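Everything on this sheet refers to the single structure shown next.
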Amino acid sequence: MHKKEIPNFVKQEIDFFVDQCNFTPREKQFLYLSNKEDTLESIAEQMDYSVSTVNRISKRVKEKIMKVL
């Protein structure tokens, strides 16, 4: 079981990232779910994607967040 890789953010932080990071719709969905869910497996199930696909999405989200920080 993989623990989530993005820490919990407050609403203002998520709003900032969504505004600044130019996320795709599925990256936004991942960001919102990752702030609530415990594992990448549960996020993959919610999004109806494989865990490897969610890992790729997670990597892109983290890269975009790091660019704006």
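Summary table below
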{"quantity": "Dipole-positive endmost among Ser50, Asn35, Met66 within the chain (Cβ charges, Cα centre)", "calculated": "Met66"}
{"quantity": "Ranked list, fewest to most other Cβ atoms within 10 Å of each Cβ, for Val61, Val10", "calculated": "Val10, Val61"}
{"quantity": "0 to 90° range, to nearest 10: angle between helix 51-68 axis and the chain longest Cα axis", "calculated": "10"}
{"quantity": "Charge dipole (debye, nearest 20) of the range 27-68; +1 at Cβ of Lys and Arg, -1 at Cβ of Asp and Glu", "calculated": "380"}
{"quantity": "Amide H partners (placed H, <5 Å) of Glu37, local residues excluded", "calculated": "none"}
{"quantity": "Table column - 3J(HN,Hα) (Hz), the range 34-41, Karplus curve with 6.51, -1.76, 1.60, x for Gly and Pro", "calculated": "5, 7, 10, 8, 8, 10, 5, 4"}
{"quantity": "The chain: mean projected area of Cα convex hull, nm²", "calculated": "4.1"}
{"quantity": "Estimated [θ] at 222 nm from DSSP helical runs (n ≥ 4, -39500 (n - 2.57)) normalised by residues in the chain, nearest 500", "calculated": "-20500 deg cm²/dmol"}
{"quantity": "Sequence of Leu69, Leu33, Leu40 once ranked by neighbouring C-beta atoms within 10 Å, starting from the fewest", "calculated": "Leu69, Leu33, Leu40"}
{"quantity": "At most 12 other Cβ within 10 Å, DSSP loop - trypsin sites (Lys or Arg not before Pro), the range 12-69", "calculated": "Lys36"}
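Read-outs: derived from the displayed coordinates by stated rules, not from any lab. These numbers come from a predicted model, not from an experiment. As a convention, Cβ positions derive from the backbone with ideal geometry for all residues, glycine included, and neighbour counts pool all protein chains shown.
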